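Here is the structure we will look at.
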Amino acid sequence: DQQVKQNSPSLSVQEGRISILNCDYTNSMFDYFLWYKKYPAEGPTFLISISSIKDKNEDGRFTVFLNKSAKHLSLHIVPSQPGDSAVYFCAASGLTGANNLFFGTGTRLTVIP
Amino acid sequence: GAGVSQTPSNKVTEKGKYVELRCDPISGHTALYWYRQSLGQGPEFLIYFQGTGAADDSGLPNDRFFAVRPEGSVSTLKIQRTERGDSAVYLCASSLGAMNTEAFFGQGTRLTVV
């Protein structure tokens, strides 16, 4: 049973435009959410996170939005750059299971120069 | 090195054989995790160590899988009687302490069971 879902396996965006990656979750006990970025033959790299007490967290070109009522979060990248091309994983954890991250299946982002 | 190091990077083994996968965490990180990523899937939690002890091994799929961290640093994931379904990328991650979910991942070991 997939508790974290990324329904878009791939996304292509023109350089300079906004990339929006979406993630849905089913477990209302999740209270901490993360985005990881993964290049081929490398491990996932932490990108940005958000606690459930917030609805937005921004770090440079990356912003994560959380809608708890909809159990939905999104990652916005603006402006998108070719170096952003990678697989992006959404992950979630709960207070009691904070050492156990539940990952989505990933979205492959391609930024076209 | 500064990051999490995993060896080997690739391992091909025959069905039924025993394999060991090694993880060197970031120095000073007390928490260590093993995840498994199958093709087309996200990483799935296997086991978490805090120091030398396995604090949560609820993700290990069966008793063929075992992991140790005897000195609280390097960890070894051991798989007995490998099956073709064990083929995956095995990821190790470490973090500064318990309840810290901003873990740093290694590059993974790609295990292929033929």
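Before moving on, here are some points about what is shown:
- Filter result for A:Gly106 (within 14 Å of another protein chain (Cβ to nearest Cβ), over 15 Å from A:Lys5 (Cβ atoms) and in contact (Cβ under 8 Å) with a residue 60 or more places away in the chain): no
- Segment A:32-44, subset in a strand (DSSP E or B) and more than 7 Å from chain B (Cβ to nearest Cβ), residue farthest from B:Gly108 (Cα to Cα): A:Phe33
- Test result for A:Ser12, assigned to a strand (DSSP E or B) and touching a residue at least 24 places away in the same chain (Cβ under 8 Å): yes
- Selected residue [within 11 Å of another protein chain (Cβ to nearest Cβ), over 23 Å from B:Phe104 (Cβ atoms) and not acidic (Asp, Glu)] from A:Gln14, A:Gln2: A:Gln2
- Residue-level check: of (1) assigned to a strand (DSSP E or B); (2) without any contact (Cβ under 8 Å) to a residue 40 or more places away in the chain, A:Ala92 misses just (2).
- Taken as a whole, the condition of being within 14 Å of chain B (Cβ to nearest Cβ) and either small (Gly, Ala, Ser) or more than 27 Å from B:Ser5 (Cβ to Cβ) (or both) applies to A:Asn57.
- Residues of segment B:24-53 that are within 11 Å of chain A (Cβ to nearest Cβ), of a type in the set (A, V, I, L, M, F, W, C) and surrounded by 16 or more Cβ atoms within 10 Å (Cβ to Cβ): B:Ala31, B:Leu32, B:Phe45, B:Leu46, B:Ile47, B:Phe49.
- Contacts under 7 angstrom Cβ, first residue in segment B:1-14 being over 18 Å from B:Asp86 (Cβ atoms) and touching a residue at least 40 places away in the same chain (Cβ under 8 Å), partner in a loop (DSSP other than H, G, I, E, B) and of a type in the set (A, V, I, L, M, F, W, C), 6 or more apart: B:Gly3/B:Ile26; B:Val4/B:Ile26
- Test: residue in segment A:64-78 that is within 11 Å of the chain's Cα centre (by Cα) and part of a loop (DSSP other than H, G, I, E, B): no
No lab work stands behind these numbers, since they all come straight from the coordinates. On a predicted model such as this, the values are computed, not experimentally measured, just so you know. Cβ atoms come from the backbone with ideal geometry, glycine included; neighbour counts cover every protein chain shown.
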